[in-house]
Each structure stands twice: as structure tokens, then as C-alpha cells.
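Visitor: Take this structure first; my questions come after.
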Amino acid sequence: MISSDPERRRTNVVCVVGTRPEAIKMAPVVRALRDQSWARCRLVFTAQHRDLADPIFELFDVRPDVDLDVMRPGQSLPDLSNRLLVSVHQALMRERPDCVVAQGDTTTVLASALASYMLGIPFAHVEAGLRTHRLDAPFPEEANRVAATHLASIHFAPTPTARENLLREGIAPEAVHLTGNTGIDALHFAAEREAALPHGPAPGARFVLVTVHRRENLGEPLRRICEGVRRLHDLHPDVEFLWPVHPNPGVEPVVREALGSLERVHLSPPLDYGPFVTAMKRATMILSDSGGVQEEATALRTPVLVLRDVSERQEAVRCGVARLVGADPDAIAREGGRRLAEATDGDRRSDFATPFGDGRAAARIASILHRKLHVEAPTTVGV
Ligand code: UDP
């Protein structure tokens, strides 16, 4: 239950993150909360993606206070879920927060929501209400976010569509707050810093940026995506490709075997967030199965072909930036060719006011948390 401890006179908020996208989207929230005199904000890192998240903490200058170090070699999803739940629960017992905040739809988020629920601590969910309405896609993220919703007591919806989804599932309107997506705040932060590209295309070259990491694309779909990239490559001799390859052991060998010998295809390790934002800005087109990249591409007005059959970011499709092509090589070559022919290089306008947010989501979240946790009676958010 909520208490404003008179000794410390501040409300204890614990933010939990585990993966790269959570680190990116929670960094603005942690920064905003650490600026508040009413809050004492502690960052708990489960280290689901240690190597990918560490540079983000550095970029945003938000060091974790607690590192749970949950990953073990070859760990299955049930093992990971188990370890996460127990570790986060123990951390919350030690931290005794007034509120737990987590973002998105990873196993870290589900574990945080569940551990908070078990301890009777209010759970605030950032980027709440995204839905494909298909429990198998993305797997296990759709199930994670649905479950997190029903364990949360404060919901920060990034878009009107997400808000509608929550209301349709019976969440009380006063518990749902439309804030915009904190990923757009992060994009502002990184874009202002203009990092250089360490790998790949020469300055001025036309290039396609590619990322793939979703579980449902591993195996045969990934081979089909590589085939689509190869066809695009063969049809467009003036175009280069930059593919920062996700470290998942199911991705790297497949991509390297299919495309590693092609001179105009630059395979690189994952890029740090700053250089990756530069790559998204400079790319003629993006091919990706990432959720965050769809939002960022929309803000940067870089066309994106979504390597998935369904998307919870229909706003990107509706405004014409994104198009769903799945893992179909024909669709990738056809739609890719069309987009490359249409795309203008060099004069693309960065427009951060997008359907996904205006770059001020974290400030809104901090101010709503202040009202809910510090000003209003504790009973308004208690579970
Ligand atoms: N990203 C990055 N380096 C890369 C690829 C992606 O910094 O090499 C960033 C990207 O800008 C976005 C986030 O990672 O903010 C997306 O992460 P991911 O695709 O792993 O997860 P999703 O958004 O699908 O949950």
C-alpha cells in the first residue's frame, strides 16, 4: 500500500528494465523521475539484455541501482520466467517501493507486474494497451502485455488506439492516461546528439537498413527474409544494405550464411542507439520486425516494410510510413522495389510530432505519478 514516509518525505518509485527496448523507453522516465523532488527513483536492471542495454544507460546517464543478473546460458523461457519472478520479488522486498514502473511487454515486465501484485504494490505500466489481438504474435509479448494490464493499477497508453483497447478490456477510464510513447522522447534525445555511423555504407550512399529479432521469425521465416533481401540486392545494384545482426544465436549464423558473401550487404554487430538513430535517419528504407523501429521510422518519415503478418502499431500503417510484408520474399522484393523508387533521399523532414507521441511523454508520466502517489489519497491506486 502507498505510504509517504515522513522520515524520507519522498515517494519511493522502482523502475524495472531488462532489455534494450525497455532501457531506451524507460530512460526518459527515469530521468524525469530523478528530477522530481517528491520522488526517490531507483532503477532495477534484470539484465535480460546486458550487452545491449549497458550502452543505453551510459548514453542517457541512468545507471541501474540494482543488477539482478538473471541470464544463464541456454535458459528456456520457463526457466527465465521463474528466475525473473523470484529475483524481482526479492528485489522489491528489499526496496519496499510505493510504486513499481515497467515498460512494454517483455518477460521482465510480466515478472514485475506479478511480483508487485503478490506484494500488494501498485504497478504502473508504461506503453500499455498495445494489442495485435493474437496471442501467438508476437510471442510471448502479446500474452505478457495482456497479463500486465490486468495486474496494473496505473496505465500509460501511448496512443488513442491503445487507450481504446484498455477501455474495451474493462480498465477504468480514470486509471488510463494518454501520454504518448516515451520512445519518441528517447529519439529526440539521441537525434540531438547526432552520432556517427561506425559501420557500412559510405556517406551519401543509398541504403536499406534491416533488423530482425522476433521469435516467430526464427528458422524458416528468417531464411525467407534473407531471400527477399537478396532479391532486392540483385534488382537494385545502386543500393547498399546495412544489417546490424541481433546476437540471438538463431539469427547470426543464418544471416551470415545467406548474405555474408555479398559486397553491398554490410553485416554488423548491433549498433549503439545513437548510431542506430543516425542509420534510421539516413536510410532510404527500413526492413524490420521491431516494434520500436516502426514508431521511430514514423517520426523520422523513413519508409518501413514490417517483416510481420500483424502489427500492434497500426498507426504507422495508417499514416503511410509502414507496410506489412511478413516474411514473404516476393512481397519484400516487390514492395521494397516500389518504396525505393518512390523514396526521396536527403531532403526527408524529421517530424517528431507523430501518432506515437510528441517527445513529452516522460514528463507527463512523472506528473501523473506525482498526482496519483503523492497528492491523491493512497486508496485511488492501491490494489
Ligand atoms: N536498436 C538499436 N540498435 C540496433 C537495433 C535496434 O539501438 O542495432 C534500437 C531501436 O532504435 C529501437 C529498439 O532498439 O529503439 C528496438 O529494439 P528491438 O527491435 O529489440 O525491440 P522491440 O522494439 O521490437 O520491442
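Taken together, the values in this text are just the output of simple stated rules run on the coordinates, not laboratory data. In this text, all values refer to a predicted model and were calculated from it rather than measured experimentally. Neighbour counts are summed over all protein chains in view; Cβ atoms, including those assigned to glycine, are modelled from backbone coordinates with ideal geometry.
Visitor: In region 63-79, which residues are touching a Lys or Arg at 6+ places or on another chain (Cβ under 8 Å) and either crowded, with 22+ Cβ neighbours inside 10 Å or under 19 Å from Pro270 (Cβ atoms) (or both)?
Guide: Once the filter is applied, which keeps residues that are touching a Lys or Arg at 6+ places or on another chain (Cβ under 8 Å) and either crowded, with 22+ Cβ neighbours inside 10 Å or under 19 Å from Pro270 (Cβ atoms) (or both), region 63-79 yields Val70, Met71.
Visitor: Name every residue in region 164-173 that is part of a helix (DSSP H, G or I) and touching a Ser or Thr at 6+ places or on another chain (Cβ under 8 Å), in order of residue number.
Guide: Listed by number, the list holds a single entry, Leu166.
Visitor: Just for region 263-280: of the residues that are among the hydroxyl-bearing types (Ser, Thr, Tyr) and part of a helix (DSSP H, G or I), which one is farthest from the ligand (Cβ to nearest atom)?
Guide: Among residues in region 263-280 that are among the hydroxyl-bearing types (Ser, Thr, Tyr) and part of a helix (DSSP H, G or I), the one farthest from the ligand (Cβ to nearest atom) is Thr278.
Visitor: Right, here's the next one. Anything in region 295-317 that is over 21 Å from Gly359 (Cα atoms), outside any strand (DSSP E or B) and either more than 10 Å from the ligand (Cβ to nearest atom) or free of Cβ contacts under 8 Å to residues at least 40 places away in the same chain (or both)? List them, or say none.
Guide: Leu307, Asp309, Val310, Ser311
Visitor: Turning to a different aspect of this structure: Step by step: first the residues of region 108-131, then only those that are crowded, with 24+ Cβ neighbours inside 10 Å and hydroxyl-bearing (Ser, Thr, Tyr), then the one that is farthest from Pro158 (Cα to Cα). Which residue is that?
Guide: Ser116
Visitor: Scan region 253-288 for residues that are farther than 21 Å from His236 by Cβ and of a type in the set (D, E, K, R) and jot them down.
Guide: Arg256, Glu257, Asp272
Visitor: If Met93 meets every condition in (1) surrounded by 24 or more Cβ atoms within 10 Å (Cβ to Cβ); (2) of a type in the set (A, V, I, L, M); (3) without any contact (Cβ under 8 Å) to a residue 60 or more places away in the chain apart from one, which number is that one?
Guide: All conditions are met except number (1).
Visitor: Now for a different question. Given the options Gly336, Gly292, Gly320, name the one that is without any contact (Cβ under 8 Å) to a residue 40 or more places away in the chain and either in a loop (DSSP other than H, G, I, E, B) or surrounded by 21 or more Cβ atoms within 10 Å (Cβ to Cβ) (or both).
Guide: So the residue among Gly336, Gly292, Gly320 that is without any contact (Cβ under 8 Å) to a residue 40 or more places away in the chain and either in a loop (DSSP other than H, G, I, E, B) or surrounded by 21 or more Cβ atoms within 10 Å (Cβ to Cβ) (or both) is Gly320.
Visitor: Determine, yes or no, whether Ala91 is of a type in the set (A, V, I, L, M) and out of contact with any Asp or Glu (no Cβ under 8 Å at 6 or more places or on another chain).
Guide: Yes, satisfied.
Visitor: Do any helices (runs of 4 or more DSSP H) entirely within region 20-105 hold 3 or more residues that are under 18 Å from the mean Cα position of the chain (by Cα) and within 16 Å of the ligand (Cβ to nearest atom), and if so, which?
Guide: Of the helices (runs of 4 or more DSSP H) lying wholly inside region 20-105, those with at least 3 residues that are under 18 Å from the mean Cα position of the chain (by Cα) and within 16 Å of the ligand (Cβ to nearest atom) span 20-34, 50-60.
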